[in-house]
Amino acid sequence: MAEYKEVYLTSDEIKTDDYLVNMGPQHPSTHGVLRLLVKLEGEKVLNVQPHIGYIHSGIEKMTESLTYIQIPHLTDRMDYLAAHMNNEAVSLCVEKALQVEVPERAKYIRTIFDELQRIASHQLWWCAFGMDMGALTTFFYGLRDREDILDIFEETCGARLTLNYSIPGGVMFDIHPNFQRDVKAFIKKFRAKLPEYERLLTGNVIFRERTKGVGILSKEEAIAYGVTGPSGRASGFSCDIRKKQPYSAYPYVKFNEIMGTDGDTFTRYHLRILEMFESMDIIEQLIDNIPEGDYAVKMKGVTKLPEGEYYQRVETGRGEFGVYVISDGKKNPYRMKFRSPGFSNLFAINNIAKGWKIADLVAIMGTFDLVIPDIDR
Amino acid sequence: MKSIIKYFGEIIGGFITLLTGMKVTARYFFTPWNNVTQQYPENRATLKIAERFRGEVIMPHNENNEHRCTACGLCELACPNGSIEIISKSVFNEEGKKKRAIDKHIYHLGMCTFCNLCIRACPTTAIVMGQNFEHTVWDRSELTKVLNKPGSQLMEGVKE
């Protein structure tokens, strides 16, 4: 009979494996089918590895079999919260290649739609972000105010989410006769509602404790990872395309590029709230001055781009969106590449979230405003 | 002593911020006329849909069962995802000339992305966007529609 012997192990001798947790693809706080492979030590995050491709739909490949007039409607489905900006990017790129001058009226309408879309995008982000942090009320308030913008969209272009309003050569319809009145009424209403957002969430002590100083992204890192949009500007990286390469009617308006310095979760949050105020200022400058005239130039049914490579970038609600077209002179593009802001922003998460708790990871991910079809395309 | 005052000050300050948020929600709780909820299936009769709303592609017919479609096939070409199929037939007019006419204008609602490109392409405004948005059906085959009504004819005066 073997002799019973007690064994004591010191902590140095115990070997443990990494504790890996799959966050997603069905996790509600990843806002879509994103999988984060999180390496944990207790509640502490050691490493975050994003796995993407669950909603890959091959839009870049599909564009190769479509004409340039048909392509914008597919870009609606990428970043569905910035559908009009995506349409506009493709339209501007095609117009640049054909050297078509768009009527002034179309430029003004496009810019107003851009800013309305940006407000709508930030509203939805705000309400979803509040929900990530455990505040359900924000979700209802954000959607309530977003509804007004969607009604304006519906009235003018017939769709609420997938607009397909900006087409090469201008916009698809003229604005509705009630458009200016409705936009003014919305701005008046929303100027009163936006401080409510601040009282409800920004000032809240629990919210501040959870976001201030959490998940700091330095300016160097932001530039290295190509983090653009409000997330990049919160770190002090001046990257607003509306200022750097003004397109449409942005050269005619005065506005500030809102910058942060801290680069933490709270700065990224608050910068978007301030951006909504700024967007309303831009709309107010334009809404009364829409020039008379045509809303689109007549384009041929089948548009052929001259041989060459063309690039156009615009500022969406999430950052810099780029369209790169290689044309071989046919009616379809030879290759079309989209530079989506979400893709670059997502991969900065690993550096930021290291060392923070898993609940902070949700907050950090929320402030990057990820739209998964935009990442996967 | 200072640290104690700071400690309690932070607690009281925190409570004030929480109450500020509560005040916002309480205001809406006691003023229900500010709410915007719509009771959808019940308010169908009064529901207002924008006139430009892109619900589905329809082909309007007049009282004599006539439409404006000349079977030119431009909508089929403009459609990015093959939702429209044009099946044409040959008819002889009173002078004995052979002419193309629409036999079936097949519209696959299940494939449609409501991009409005077919309506832009149509030279005779034969098809327009309808406001109906309730597309639920029991079987998938019901989503394939024939837009021209049986026995319908081309309206007089419509030229290609």
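Note on chain A: dipole from Cβ charges, positive end direction compared against A:235, A:90, A:305; the farthest Cα belongs to A:305.
By how many degrees, 0 to 90 and rounded to 10, does the Cα axis of helix A:358-367 deviate from the longest principal axis of chain A? It works out to around 10 degrees. Whenever you get a sec, compute what percent of the accessible area on segment A:292-377 sits on carbon and sulfur atoms (1.4 Å probe). Carbon plus sulfur share of accessible area: 51 percent. Taking the Cα atoms of chain A, the ratio Rg/Rh between the radius of gyration and the Kirkwood radius comes to 1.05. Mean-square fluctuation check for chain A, GNM, Cα pairs under 10 Å: which of A:38, A:205, A:253 is largest? Of the options given, A:205 has the highest mean-square fluctuation.
Loop-resident trypsin sites (Lys or Arg not before Pro) (DSSP state other than H, G, I, E or B) in segment A:284-315 with no more than 10 further Cβ atoms inside 10 Å of their Cβ: A:298, A:300.
What are the trypsin sites (Lys or Arg not before Pro) within segment A:1-87 that DSSP puts in a loop, where the Cβ has at most 15 other Cβ atoms within 10 Å?
On the way: sites: A:5, A:15, A:35, A:39, A:44, A:61, A:77; in loops: A:5, A:15, A:77.
Here the trypsin sites (Lys or Arg not before Pro) that fit, given the DSSP loop and packing criteria, are A:5, A:15.
Hand me the GluC sites (Glu not before Pro) from segment A:230-298 located in a DSSP loop with no more than 16 other Cβ atoms within 10 Å, in residue order please.
Details: sites: A:257, A:275, A:278, A:284, A:292; in loops: A:257, A:292.
Those satisfying the criteria are A:257, A:292.
Would you mind getting the accessible area per residue of segment A:58-376, heavy atoms of the protein chains only, 1.4 Å probe, in Å²?
34
The string of couplings for segment A:69-83 from the Karplus curve (6.51, -1.76, 1.60, θ = phi - 60°) is 6, 7, 4, x, 5, 6, 6, 4, 7, 7, 9, 5, 8, 10, 4 Hz, one whole number per residue in order, with x for Gly and Pro. Rounded to the nearest 10 degrees, the inclination of helix B:2-30 to the longest alpha-carbon principal axis of chain B is 40 degrees.
Using protein heavy atoms only (no ligands, DNA or RNA), what is the total accessible area buried between B and A, 1.4 Å probe, nearest 100 Å²? That pair of chains buries around 2300 Å² in total. Between amide H atoms placed 1.01 Å from N, distances below 5 Å from residue A:236 occur with A:260, all of them 5 or more places distant or on a separate chain. The H on the amide N of residue B:57, modeled in the peptide plane, is under 5 Å from the matching H of B:130, each at least 5 residues off or on a different chain. Kindly express, to the nearest 10 degrees and within the range 0 to 90, the angle between helix A:179-197's C-alpha long axis and the longest C-alpha principal axis of chain A. It is inclined by approximately 20 degrees. Accessible surface of residue A:328, taken over heavy atoms with a 1.4 Å probe and every protein chain present, rounds to 60 Å².
Within the listed set A:99, A:285, A:70, the residue fluctuating most in the Gaussian network model of chain A (springs between alpha-carbon atoms under 10 angstrom) is A:99. Among A:104, A:315, A:196, the residue with the largest mean-square fluctuation in a Gaussian network model of chain A, with springs joining Cα atoms closer than 10 Å, is A:196.
Here's the list of lysines a cross-link from residue B:145 could span, going by alpha-carbon distance under 20 Å and ignoring same-chain residues fewer than 8 apart: B:89, B:104.
Simple rule: put +1 on each Lys or Arg Cβ and -1 on each Asp or Glu Cβ in segment A:58-376, find the dipole, and look at A:152, A:129, A:250; the Cα lying farthest toward the positive end is A:129.
How would you classify segment B:56-154 from its alpha-carbon gyration tensor, with a ≥ b ≥ c the square roots of the eigenvalues: rounded for a/c under 1.5, else prolate if a/b is greater than b/c, otherwise oblate? It is prolate, given that a/c is not under 1.5 and a/b is the larger ratio. With the helix formula -39500 (n - 2.57) applied to DSSP H stretches of n ≥ 4, the protein assembly as shown reaches a computed 222 nm mean residue ellipticity of -11500 deg cm²/dmol.
The values are calculated or read from the model by the stated rules, or taken from the named source; none is laboratory data. Just so it is clear, the structure is predicted and the values come from calculations on it, not from any experiment. Note: ideal-geometry Cβ built from the backbone for every residue, glycine included; neighbour counts use all protein chains shown. Heads up: the accessible areas ignore ligands, DNA and RNA and are worked out on the full protein's heavy atoms, side chains in. Shrake-Rupley method; radii C 1.70, N 1.55, O 1.52, S 1.80 Å.
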